[in-house]
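Q: Submitted below is the structure of interest, expressed as structure tokens.
The values are calculated or read from the model by the stated rules, or taken from the named source; none is laboratory data. Predicted model only: the values in this text are computed from it and were never measured. A quick note on method: Cβ atoms are made from the backbone with ideal geometry, for glycine too, and the neighbour counts reach across all protein chains shown. Note: accessible area is taken over every heavy atom of the protein model, side chains too, but ligands, DNA and RNA are not part of it. Shrake-Rupley method; radii C 1.70, N 1.55, O 1.52, S 1.80 Å.
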Amino acid sequence: MAGGRGRTAGWLAVAAVVALATAAAHAPAWQGVFVYDDVTEIGDNPGLRTLWPPWVPMFTGGTLPHRPLPYYTFALNVAAGGLDTRGFHAVNLAIHLANGGLLAWLTATLLARLAGRQRRQIDWQLATATAAVWLVHPLAGFCVDYLYQRMELLAATAVLAALACFLKACESPRPSGWLAGSIVASSLGMCCKENAVVAPAVVLLVDWLVVSRDAARPWMSLVMSVSRRPRYYAALFLTPLLAVVLVLLQQSRYAELGQPPVGPVGYLLNQPLIVIDYLRLAVWPDGLCLDRYRLPETRPWLLAAGMALVAAALVTASVSVRRLPAIALTILLFLGLLAPTSSLIPVYALMADQRMYLPLAVLVAAVVAAAGQGLTRLAGRWLAVGTGVAVIVCLAAVTWQRAGLFQSRLAIWQDVTVKAPDNPRGWQTYGLELLAAGRPADAIAAVDRSLSLKPDEPLTLTLRAHLLVMLDRPAEAVTTCKRLFTLDPPLPAGSGSVHPRHGIRYAILAAALAAGPRSSATDQQIETLIERAEQIDGHSPETRAMLARAQHSLQQAAESANDAAAP
């Protein structure tokens, strides 16, 4: 009994050390601010100011799709501590640590089942090492420090919990409750993020290759897995319909689906090369980026080589099913978890670091299990432990350095321009942050770089016109506004609703005209522009500031005219 208590205390101490190391690695981000989608979906989201009725915070936000459960947790954060980012970071870290605990239990359980034995000490050691490496890995930590990506954390929780409940059901004399829990977890995942649709497939893969595996008839055991629990699998595979319904209800909010750089086939052909980059970041996490931008690859030989590598991986998984199920499981889980964002559904971003959050756990588990057992056999337990500690320390140091960038939006976007120099959105947003920092001259250089990459982007042209007015270059601002209105013409007065973006554009043009050469016709045009801007978007701080600038110029001109007319 005393030995059991001692082992429990030992494992609790190890868990505490891992948790503290993870918290320390992310500590710099706690002094940070809302960045990128955090601003519109959390900081400026009025729906998060209430908890009841629950559908208000769940389905209120900016322009992005509403993910009900993460949004409600954001509302809970606001209720508990306002918009203090430390509270949001604390919750993200807690979810990440909980996911690490689930990963450790799952790893120990699967290692034991693959070896056909009960869990033992070495399984828990390898499982703890797996969780520790994953928890401090900067590629996984990206979702922790970028607060809006809580939805990725919670979707992963749902997938891990659905699998854990299923495995507990396989061990329990009364499995029905655990199976129900698995279905509930999968359902909740669909309310977190669309990539949770893989949860049923993940459970089925583990059931087929681990729980119900028949080495003599490996492919028949796939059928047996389903036939043993037909009602469970019927319910489990119905849960993705919830995600489908949420997507259909918010089709207009999935803007990334409406502006993909390539079609479905081109997107699919590019993804093997993206997966290779993900693997590189998993091994050498240098170059992590908040808004990664990657142009589609068009060279046929390179696309063919990427597809050949994926085909080789699938063939390897197929031939490993009989004798090496661990290899088959690793390959199929990794590719399956990436499938929602790395297959036929094209989105604007070919690659995004947060998509590797859960797939990375599969890679880490496989590498740690293989390397840990190999090093222990070849060089002894202490060398294996020392190597693991060194890897964890190095990864935590990179995560700590990376977390520091989240203290400043300007630092984040400067980092994006360095790591993704061909990203027009990165340069545009960097220009916005330079403007907010009171550096309009530097901002216009960044905006011009963005326009050199994407010349006809209306939002970037709007920012450029704004900056030109601030830099007292009214003639250039007028020229930019005319180009802008040609590319994105507003509806004529009285024709119906007008998008708020036209309000700031009217105000910028009014300010530019007011600062330049004047005539009675120009003055009349300025008055009309001011009136239209106030009607469309008069409440916006940016529009009000630009209108004040225009009115100030008009007032100065009127005073000068009065002085000239005075005897």
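Q: To two decimal places, what compactness ratio does the range 253-299 give when its Cα radius of gyration is scaled by 2.2 N^0.38 Å?
A: Normalised by 2.2 N^0.38 Å, the Cα Rg of the range 253-299 equals 1.31.
Q: Related question: If you average 1/r over all unlike Cα pairs in the range 1-140 and invert the result, what Kirkwood radius do you get in angstrom?
A: After inverting the mean inverse Cα-Cα distance, the result is 17.4 Å.
Q: Carbon-plus-sulfur fraction of the accessible area of the range 254-340, 1.4 Å probe, in percent?
A: That fraction is 71 percent.
Q: Would you tell me the accessible area of residue 466, worked out with a 1.4 angstrom probe on the heavy atoms of the protein chains, in Å² to the nearest 10?
A: Taking all protein chains as shown, residue 466 has close to 30 Å².
Q: Taking only complete DSSP H runs, can you tell me which helices of the chain stretch 24 Å or more along their own long axis by Cα positions and average at least -1.0 on the Kyte-Doolittle scale?
A: Values: long enough: 2-26 (36 Å, 0.88); 85-115 (45 Å, 0.90); 150-171 (31 Å, 1.34); 264-283 (29 Å, 1.06); 300-320 (30 Å, 1.77); 357-379 (32 Å, 1.57); 381-404 (35 Å, 1.15); 520-537 (26 Å, -0.77); 541-565 (36 Å, -0.67).
Helices passing the filter in the chain: 2-26, 85-115, 150-171, 264-283, 300-320, 357-379, 381-404, 520-537, 541-565.
Q: Another question, then. How big is the dipole moment of the range 218-342 about its Cα centre under a simple scheme where the beta carbon of each Lys and Arg is +1, that of each Asp and Glu is -1, and everything else is neutral? Debye, nearest 20, please.
A: Numbers: 10 positive and 5 negative charges, 114 e Å.
Charge dipole, the range 218-342, about its Cα centre: 540 debye, nearest 20.
Q: Of all the accessible heavy-atom surface of the range 348-389, with the other protein chains kept in place and a 1.4 Å probe, what percent is carbon and sulfur?
A: Carbon plus sulfur share of accessible area: 73 percent.
Q: A follow-up question, please. May I ask you to order 535-543, 65-73 by the average number of other C-beta atoms within 10 Å around their residues, highest value first?
A: Sorting 535-543, 65-73 by mean packing, highest first, produces 65-73, 535-543.
Q: For a quick protection proxy, order the peptides 365-374, 437-446 by their average other-Cβ count within 10 Å, most packed first.
A: Highest-to-lowest ranking by the protection proxy: 365-374, 437-446.
Q: Test of understanding: what is the full-extension gain from residue 452 to residue 184, defined as 0.36 nm times their sequence separation minus their Cα-Cα distance? It would help to have the intermediate numbers written out before the result.
A: On the way: separation 268, 0.36 × 268 = 96.48 nm, distance 4.95 nm.
Roughly 91.5 nm would be gained on extension.
Q: Let me ask another. Name the shape class, rounded, prolate or oblate, that the alpha-carbon gyration tensor gives for the range 215-310, where a ≥ b ≥ c are the square roots of its eigenvalues, rounded holds for a/c under 1.5, and otherwise prolate holds if a/b is larger than b/c and oblate otherwise. Intermediate results must be reported in sequence, preceding the final value.
A: Details: a/c = 2.20, a/b = 1.37, b/c = 1.61.
Since a/c reaches 1.5 but b/c is at least a/b, the shape of the range 215-310 is classed as oblate.
Q: Using the Kirkwood formula on the Cα atoms of the range 91-206, what hydrodynamic radius do you get, in angstrom to one decimal?
A: 14.6 Å
Q: If the convex hull of the alpha-carbon atoms of the range 230-381 is projected onto planes in all directions, what is the mean projected area in square nanometres? Intermediate values should be presented prior to the final figure.
A: Working: hull surface 50.8 nm².
Convex hull of Cα atoms, orientation-averaged projection: 12.7 nm².
Q: Let me ask something else about it. When the chain is fully extended, how far beyond the present Cα-Cα distance does residue 555 get from residue 224, taking 0.36 nm per residue of separation? Before the final figure, lay out each step's value.
A: Working: separation 331, 0.36 × 331 = 119.16 nm, distance 8.28 nm.
So the chain would gain 110.9 nm between residue 555 and residue 224.
Q: Mind checking the full-extension length gain between residue 323 and residue 119? Use 0.36 nm per residue of separation minus the Cα-Cα distance, one decimal, nm.
A: 71.3 nm
Q: How large is the accessible surface per residue of the chain, computed with a 1.4 Å probe and reported in Å² as a whole number?
A: 46 Å²
Q: With a ≥ b ≥ c the root eigenvalues of the C-alpha gyration tensor of the range 49-93, is it rounded (a/c under 1.5), prolate (a/b larger than b/c) or oblate?
A: On the way: a/c = 2.01, a/b = 1.48, b/c = 1.36.
Prolate, since a/c reaches 1.5 and a/b exceeds b/c.
Q: Here is a further query. Nothing charged except the Cβ atoms of Lys and Arg (+1) and of Asp and Glu (-1): what's the magnitude of the dipole of the range 286-382 about its Cα centre? Round to the nearest 20 debye.
A: Numbers: 8 positive and 4 negative charges, 81 e Å.
Its charge dipole is roughly 400 debye.
Q: How do 144-157, 177-190, 234-247 rank on mean C-beta neighbours within 10 Å, highest first?
A: Descending packing order for the listed peptides: 144-157, 177-190, 234-247.
Q: Is the chain best put as rounded, prolate or oblate by its Cα gyration tensor, with a ≥ b ≥ c the root eigenvalues, rounded for a/c under 1.5, and otherwise prolate when a/b is larger than b/c, oblate when not?
A: Cα axes put the chain in the prolate bin.
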